[in-house]
Each structure stands twice: as C-alpha cells, then as structure tokens.
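Working notes, structure below.
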Amino acid sequence: MTDKSPHFKGNKSNKNKIMMELLDLDWFEQIAAVLTYGAEKYEPDNWRAGIPEGEIVGALLRHITAYRKGEKIDPETGLDHRAQAACNIYFWMKLYPIPGFNYDEMWEQIEEIRKKKECRS
C-alpha cells in the first residue's frame, strides 16, 4: 500500500502511529459481513447498547470450539466461525476496556521493544 512514486516529494512522519496498511482488507470485509448479519437480525449497532461480558465470551468460545471441531462455516449465518469470533473479540474490547490501561502509551512501549530487538541484532 506504500507508494514510492517519484511524484511524491513531501515527508510525513508516522513514527509511533498505528500501521493500518498492514491489515488485509479482506479481513475487514469478513468482520463487516458479520456486523451486517447482526444488523439485519437485530438492528444496526445493537451491540453498542451493551451485552453482558459473559455472553460475549460464551459466543466467542462457541465459535472457536465449533471451528476447532471441524465446522468451519457457521450454519446459521453462512459465515466463517473465525470472523464471528473476531467480531466477538471486537465487542469485548469495545464494551469492556481494561481499566487504567493507557492505549496511547502502548505504542511507546512497542517502540521500546523494537529498539531493544534492534540492539540485539
């Protein structure tokens, strides 16, 4: 996704920023398909009204278990169980953030880990 064209002369610092270009767009489409199914079954953004944490984790584990037992596609939705599990992780992280965890400082910590690895090389 990076364009190294000679037509671009400007500079932009992306240090300590999330590298969104590393995500595969197909993955986004699979998650969006799960969200679309849920929006049609319930209503758009219904999950944002809140779901008990245990129900989210239960659904996550059911999808993982079904996949591990060999059922790759959810018979109700026709979608990949892993996409459904990923969607449940998304709900879980959005609805139940870790108290006191500073997501901004996380990137600084990642950069420190990278520097330590470079020093070892």
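Among the listed pairs Lys15/Lys72; Lys12/Lys115; Lys41/Lys69; Lys17/Lys94; Lys41/Lys72, which are separated by more than 31 Å between their Cα atoms?
Working: Lys15/Lys72 39 Å; Lys12/Lys115 21 Å; Lys41/Lys69 26 Å; Lys17/Lys94 20 Å; Lys41/Lys72 21 Å.
Going by Cα-Cα distance, Lys15/Lys72 fall outside the 31 Å limit.
Taking 0.36 nm per intervening residue step and subtracting the Cα-Cα distance, what contour gain separates Lys117 from Lys17 on full extension?
On the way: separation 100, 0.36 × 100 = 36.00 nm, distance 1.89 nm.
Extra length from Lys117 to Lys17 when fully extended: 34.1 nm.
Report the far tail of the P(r) of the chain, meaning the percent of Cα-Cα pairs longer than 24 Å. Write out the running numbers ahead of the final one.
Details: 3561 of 7260 pairs.
Of all Cα-Cα pairs in the chain, 49 percent lie more than 24 Å apart.
Springs between alpha-carbon pairs under 10 angstrom, Gaussian network model over the chain: which of Trp47, Trp107, Trp92 fluctuates most?
Trp107
Which percent of Cα-Cα pairs in segment 55-121 sits in each 5 Å bin, short to long?
Once binned at 5 Å, the Cα pair distances of segment 55-121 give 3, 15, 17, 13, 10, 11, 12, 12, 5, 1, 0.
For segment 28-121, state which GluC sites (Glu not before Pro) are in a DSSP loop and have at most 15 other beta carbons lying within 10 Å of their beta carbon.
Values: sites: Glu29, Glu40, Glu53, Glu55, Glu71, Glu76, Glu105, Glu108, Glu111, Glu112, Glu118; in loops: Glu71, Glu76.
Here the sparse-neighbourhood loop sites are Glu71, Glu76.
Under a Cβ-only charge scheme (Lys and Arg +1, Asp and Glu -1), can you give me the dipole magnitude of the chain about the Cα centre, in debye to the nearest 20?
Values: 18 positive and 20 negative charges, 140 e Å.
Dipole of the chain, to the nearest 20 debye: 680 debye.
If the cut-off is 15 Å between C-alpha atoms, which aspartates and glutamates fall inside it for Lys116, apart from same-chain ones fewer than 8 positions away?
Glu108
Using only the alpha-carbon atoms, how far is helix 53-68 inclined from the longest principal axis of the chain? Give it as 0 to 90 degrees, nearest 10.
Once rounded, the angle reads 90 degrees.
Quick one: net charge of Asp80's neighbours, Cβ under 12 Å, K/R +1, D/E -1?
Values: positive: Lys72, Arg82; negative: Asp26, Glu29, Glu71, Asp74.
Spelling it out: positives minus negatives among the neighbours equals -2.
Counting helices only, and only those DSSP H runs with n ≥ 4, report the 222 nm mean residue ellipticity of the chain as the sum of -39,500 (n - 2.57) divided by its residues, in deg cm²/dmol to the nearest 500.
Calculated mean residue ellipticity at 222 nm is -18000 deg cm²/dmol.
Anyone know which of Leu22, Leu95, Leu60 comes out most mobile in the 10 Å Cα GNM of the chain?
Comparing Leu22, Leu95, Leu60 in the GNM, the peak value goes to Leu22.
Among Arg48, Arg62, Arg82, determine the one that fluctuates most according to a GNM of the chain built with springs between C-alpha atoms less than 10 Å apart.
Arg48
Read the figures in this text as sums done on the coordinates, not as results from a lab. Given the structure is predicted, the values throughout are model-derived calculations rather than measurements. Backbone-built Cβ (ideal geometry, glycine too); neighbour counts: all protein chains shown.
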